[in-house]
Amino acid sequence: MTGTGHDAYAEIVVEHLGKSFQRAVPAVNDIGLTVTSDSAIGIVGESGSGKSTLVRMMCGLLSPSTGTVSYNGLGLHQMLSTRGGRRDFRREVQYVAQDTTSSFDPRRTLRDAVRLPAMRLLGMEGVAADARVDETLRSLELDPSLADRYPSEVSGGQRQRFSIARALVVKPRILLCDEVVSALDVSVQGAILNMLRSYCETEHCGLVFVSHGLPATAFIARDMLVMNNGVVIEQGTTDEIVERPRDPYTIELLDAYRGIESVDELAVAAAS
Ligand SMILES: Nc1ncnc2c1ncn2[C@@H]1O[C@H](COP(=O)(O)OP(=O)(O)OP(=O)(O)O)[C@@H](O)[C@H]1O
Ligand SMILES: [Mg+2]
């Protein structure tokens, strides 16, 4: 770690969190969750179950209707109300959105996109910023020469890795990933999952991995939360949930994947 004050333990605490849009059923309803810099938590559930709404509230992109989110004991709402608080939070908690096409500025090269948070959030400039970008790209097995291209000039899998690089360049304490591999083919998924897992382990970065794909989540997460209709219906270690699911919805979710692709298949694909 470089002296950015990043070595400390970090913790996001979510209590009674809820979000209602203009519909009778809340998108997220009374969820409690603690994520630390040691966590590797998977959030699974079918489309519309409230996963994105939950993580977007956890990183302050969406304000809750009920309940609270705090970061290291401070209310997130309060923290984000000051410039310094916002910078501290963004430096330590990063979010990777699913849609990489719209999350990149088409007029900036990928290098510029990845360098920007290093400059804005860490105050890095010139050679130091470039060195940090290259180091991050290499840790994700991205050839730094690709970074001189524009977002539309690389493959979907490469662009997804750049979006992860843009989050990891600041060495966050907690990384929130929303469906980062769902749109990619299985071999690319495996490679990204392996890198993400080893990065988080070596850098002691907590991970929240949101996906409707159960095998990918089981591969990367030690603990899992199963959501349905805005509520958590099952929570436990990944082994417990995969091997001894209790809720009929979880069993159904697992059955949908049996025989199609397994965690082992992903691992094999990742290694090849
Ligand atoms: N900005 C919004 N305005 C109104 N309704 C919304 C908004 N965002 C989400 N919703 C609704 O909230 C519910 C939960 O949506 P959310 O995006 O959190 O689900 P998800 O589990 O992430 O689904 P997916 O797997 O498809 O990404 C859905 O019914 C969705 O239509
Ligand atoms: Mg979503």
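One table, with the values for the structure above:
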read-out	value
For Lys19, solvent-accessible area (1.4 Å; no DNA, RNA or ligand), Å²	30 Å²
Positive-end residue, the stretch 68-117 charge dipole about Cα centroid, Cβ charges, pick of Thr100, Phe89, Ala113	Ala113
Share of alpha-carbon pairs per 5 Å distance bin for the chain, given as whole %	1, 6, 13, 17, 19, 17, 14, 9, 4, 1, 0
Spacing of the two label points (7 Å from each Cα toward its C-beta) at Asp143 and Ser182, in nm	3.1 nm
Net charge of Cβ neighbours under 14 Å - reference Gly84; Lys, Arg +1; Asp, Glu -1	+4
In nm, spacing of pseudo-spin labels at Glu203 and Thr82 (7 Å Cα→C-beta vector)	2.7 nm
Cα-only radius of gyration and Dmax that characterise the stretch 191-238, units Å	11.6, 35
Rough spin-label spacing in nm, given labels placed 7 Å along Cα→Cβ, for Glu240 and Ser20	3.2 nm
Net charge contributed by nearby residues that have their C-beta within less than 12 Å of Glu234 (K/R +1, D/E -1)	-2
Solvent-accessible area per residue, Å², over the stretch 76-166 with all protein chains present [probe radius 1.4 Å]	52 Å²
Residues in the stretch 192-223 that a label on Asp255 would reach, taking backbone N under 17 Å of a point 7 Å out along Cα→Cβ	214
Shape metrics for the stretch 1-126, restricted to C-alpha atoms - Rg then Dmax, Å	16.1, 52
Karplus (6.51, -1.76, 1.60) ³J(HN,Hα), θ = phi - 60°, over the stretch 80-92, in Hz, Gly and Pro reported as x	6, 7, 10, 4, x, x, 4, 5, 4, 5, 5, 6, 9
GNM top mover of Arg149, Arg90, Arg132 - the chain, alpha-carbon springs below 10 Å	Arg149
Backbone HN-Hα couplings from phi across the stretch 18-25 [Karplus 6.51/-1.76/1.60, Hz, Gly and Pro as x]	x, 9, 10, 8, 7, 9, 5, 8
Accessible area of the chain belonging to carbon and sulfur atoms, whole % at 1.4 Å probe	49 percent
Diffusion constant of the stretch 148-232 at 20 °C, which comes from Stokes-Einstein with the Kirkwood Cα-pair radius and 1.002 mPa s, µm²/s	156 µm²/s
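The values are calculated or read from the model by the stated rules, or taken from the named source; none is laboratory data. Because the structure is predicted, anything quoted here is derived from the model rather than measured. Please note: Cβ atoms are built from the backbone with ideal geometry, for glycine as well, and neighbour counts cover all protein chains shown. These area figures cover heavy atoms from the full protein model, side chains too; ligands, DNA and RNA do not enter into them. Shrake-Rupley method; radii C 1.70, N 1.55, O 1.52, S 1.80 Å.
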